[in-house]
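Colleague: If you scroll down you'll find the structure; I have some questions about it.
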Amino acid sequence: MAILNINFSDPLMKAIKAVNSIGGNSLTEEDLKKQRSNMELAGKLAAPTGGVTVEEFQVGNVPCEFVHPDLAHNPQYVILYAHGGGYTCGGLGYARVLAAKLAVSTGFSVVSFEYRLAPENKYPAPLEDAELVWNYLLSQGYEADHILLAGDSAGGNLVLCLTQRLLEEGKEKPRMLVLFSPWTDMTATANSYEVYMGKDPVLTKEYIVSVRDAFIGTEVEPKDSIYSPLYGSFENFPPTYIQVGRTELLQDDSTGLAAAINKVGGHAKVEVFKDGWHVFQQMPLPQAGRAMKMVADEVSKEIYTNY
């Protein structure tokens with residue numbers, strides 16, 4: 001099925017495509033600098049300029065932002081959001097795109113954070129940073145069941161790993177997860193890699209494998225659940241809402257995740273968008289607006305009606 005409404009000459013699309021198309025030999029210091037610069041440019045091009053107030057702060061050595069919605073603010077709840085970028089790219093500027101959209105659509109404040117990146121900082125550095133910010137929110141008076149976790153792509157991987165770690169340690173879990181094209185299986189062997197090879201307008205298998213190796217190294221087993229949460233435990237997992245594009249390589253990462261959660265009696269819902277691609281919600285397009293409205297509806301169901 002063809003992807004609809006994609007303007008490949010759009011500056012934002014060019015920037016996102018450039019970020020997600022690096023090959024296995026391009027993780028040099030110079031190339032990473034370019035990729036990270038492109039990603040911040042993408043954030044500046046796409047971040048909503050109205051409807052939110054941004055407040056910078058720091059937790060330990062981790063730079064963070066509160067993105068507060070100007071309207072319909074519910075101060076009792078907060079969303080902790082982890083940006084994507086293959087664990088090798090991304091900062092607060094890039095994160096601000098979806099952070100602002102989440103804040104406006106849900107009416108909740110959103111906290112994004114600039115976790116340490118690979119290859120300079122391999123696993124578990126981002127997870128340690130995520131847990132640090134999670135604990136900070138608890139220390140500020142937010143109850144665990146008033147914190148939602150959200151993430152796109154590698155950020156989806158990160159919040160899934162954080163949730164599984166919290167459950168393994170017997171700690172309180174977040175209220176809900178909202179995931180955009182989450183990276184759940186680092187083996188890169190899912191059927192969607194073959195079916196949509198060359199059809200995914202953003203991702204390539206070469207890119208995914210290269211950033212995976214930069215993050216976890218080549219001497220470990222990618223199927224280990226500490227890297228690939230798809231193979232971890234989903235007992236007592238929070239309600240999870242997932243969106244993914246119809247022809248993206250990571251489609252099976254999303255549908256497989258929903259199946260794994262539901263198999264053990266949890267509640268997961270996945271929406272597959274025929275006119276979407278990898279994290280299309282970032283783009284200033286009608287289908288992105290519809291997707292964020294669906295996020296707001298699912299969050300409202302969980303918070304106000306408990307399904």
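The values are calculated or read from the model by the stated rules, or taken from the named source; none is laboratory data. In this text the structure is predicted, and so the values were computed from the model without any measurement. Note: ideal-geometry Cβ built from the backbone for every residue, glycine included; neighbour counts use all protein chains shown.
Colleague: Report whether or not Ile261 is within 16 Å of the chain's Cα centre (by Cα), part of a helix (DSSP H, G or I), aliphatic (A, V, I, L, M) and closer than 26 Å to Ala288 by Cβ.
Modeller: no
Colleague: Here's another thing I want to ask about it. Among the candidates Ala150, Ala100, Ala95, single out the residue that is part of a strand (DSSP E or B), aliphatic (A, V, I, L, M) and in contact with a Gly (Cβ under 9 Å, 6 or more places away or on another chain).
Modeller: Sole residue among the options that is part of a strand (DSSP E or B), aliphatic (A, V, I, L, M) and in contact with a Gly (Cβ under 9 Å, 6 or more places away or on another chain): Ala150.
Colleague: Also, I was wondering about something else. So, in region 30-56, of the ones that are assigned to a loop (DSSP other than H, G, I, E, B) and either surrounded by 14 or more Cβ atoms within 10 Å (Cβ to Cβ) or touching a strand residue (DSSP E or B) at 6+ places or on another chain (Cβ under 7 Å) (or both), which residue ends up modelled with the highest pLDDT?
Modeller: Gly51
Colleague: May I ask you to verify whether Leu230 is under 20 Å from the mean Cα position of the chain (by Cα) and either over 20 Å from Thr106 (Cα atoms) or outside any loop (DSSP other than H, G, I, E, B) (or both)?
Modeller: For Leu230, the condition - under 20 Å from the mean Cα position of the chain (by Cα) and either over 20 Å from Thr106 (Cα atoms) or outside any loop (DSSP other than H, G, I, E, B) (or both) - is met.
Colleague: Answer yes or no as to whether Glu114 is in contact (Cβ under 8 Å) with a residue 12 or more places away in the chain, over 19 Å from His278 (Cβ atoms), surrounded by fewer than 18 Cβ atoms within 10 Å (Cβ to Cβ) and touching a His at 6+ places or on another chain (Cβ under 9 Å).
Modeller: It is false that Glu114 is in contact (Cβ under 8 Å) with a residue 12 or more places away in the chain, over 19 Å from His278 (Cβ atoms), surrounded by fewer than 18 Cβ atoms within 10 Å (Cβ to Cβ) and touching a His at 6+ places or on another chain (Cβ under 9 Å).
Colleague: Please work out which residue is modelled with the lowest pLDDT, limiting yourself to region 188-224 and to residues that are farther than 20 Å from Tyr115 by Cβ and of a type in the set (Gly, Ala, Ser).
Modeller: Here the answer is Gly198.
Colleague: Is it the case, given these coordinates, that Gly256 is modelled with pLDDT of 95 or more, on the phi > 0 side of the Ramachandran plot and surrounded by fewer than 22 Cβ atoms within 10 Å (Cβ to Cβ)?
Modeller: So Gly256 fails the test.
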